[in-house]
Amino acid sequence: MMAYGGTTGNGGAMGPSSGGADVLGSTGDYSPQGTPTPLTGHAAGPVEATTYGPTTGPTSYSPQDSPASSAGGGSGSNGQLPSFGFTQEQVACVCEVLQQAGSVERLGRFLWSLPACTRLHRHESVLKAKAIVAFHRGHFKELYRILESHTFSPHNHQKLQALWLKAHYIEAERLRGRPLGAVGKYRVRRKFPLPRTIWDGEETSYCFKEKSRSVLRDWYATNPYPSPREKRELAESTGLTTTQVSNWFKNRRQRDRAAEHRYLSLSLRFLTLILS
């Protein structure tokens, strides 16, 4: 298999930058890293025609040799892409491995080496990889174009939603010259709603889907103090992490105690007024 060496650089225009692993391995804090050589071939044309740099030597590939334009639209007899050496499944696997490893620069160079095969560039793993590289390099218009032009599978929604929102937050912060607060981020989300290509249409509340909140509320009504095992089971059934479940129950108990305290204080004041 080809080797794509290199390390990921650090640096960003807005706030502390995270490493490549933070960009790729989670859906939490995202921050674009540096701005290496710009992506090429993105000014016009469909997503599938996009290339990530020049292809020379053994990876040189012409559209006429593309599997999509060859007889039957298939690949070579061994399943490999002509003049490339990888099958589509192997390309997708490399993209996923480099994403999980946080090797953004290596991922970008691998995308550069891909042949101009329409079917290959339509593959969801390749499109997701292009979106991540575009975000990492601060090419947000390219990121938005990719996310809006292909309907992604639900298991990719959470990561791609994080890219969409964080990119819009960063752009808003650059325009205003200061970090966004909770209200500012809410306004950005209202102005730039998630496209249906990366969203199932279900409204979220405080970052939790309403179905998840409903499960937690029902459990809280019968047991406000779930055990560690029960928290893990709730996390699995709601799609949340165990920490998120624990924090939800903790915050809910605090709110209920505060409400009870206010009620008792008002009741005491009312009785005092009556008896005085």
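The values are calculated or read from the model by the stated rules, or taken from the named source; none is laboratory data. Since we're looking at a predicted model, the values are computed, not measured. Note that we place each Cβ from the backbone using ideal geometry, even for glycine, and neighbour counts take in every protein chain shown.
See the values below:
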| read-out | value |
| --- | --- |
| Residue among 187, 217 that is outside the structural domain of residue 132 (by the TED database), in a helix (DSSP H, G or I) and within 30 Å of residue 256 (Cα to Cα) | 217 |
| Residue 197 assigned to a loop (DSSP other than H, G, I, E, B), at pLDDT 95 or above and surrounded by fewer than 18 Cβ atoms within 10 Å (Cβ to Cβ) | no |
| First in the range 168-193 and farther than 24 Å from residue 142 by Cβ, second anywhere and surrounded by fewer than 10 Cβ atoms within 10 Å (Cβ to Cβ), Cβ under 6 Å, 6 or more apart | none |
| Among (1) closer than 26 Å to residue 170 by Cα; (2) exposed (fewer than 14 other Cβ atoms within 10 Å of the Cβ); (3) not assigned by the TED database to the domain that holds residue 160 - the single one residue 244 does not satisfy | (2) |
| Condition check for residue 101: surrounded by fewer than 22 Cβ atoms within 10 Å (Cβ to Cβ), modelled with pLDDT under 90 and out of contact with any Lys or Arg (no Cβ under 8 Å at 6 or more places or on another chain) | no |
| Filter result (of a type outside the set (A, V, I, L, M, F, W, C) and either on the phi > 0 side of the Ramachandran plot or without any contact (Cβ under 8 Å) to a residue 40 or more places away in the chain (or both)) within the range 150-164 | 153, 155 |
| Number of the condition not met by residue 129 [criteria: (1) crowded, with 17+ Cβ neighbours inside 10 Å; (2) under 22 Å from residue 248 (Cα atoms); (3) not polar (S, T, N, Q)] | (2) |
| Within the range 146-174, tally of residues that are small (Gly, Ala, Ser) and either under 12 Å from residue 135 (Cα atoms) or buried (at least 17 other Cβ atoms within 10 Å of the Cβ) (or both) | 3 |
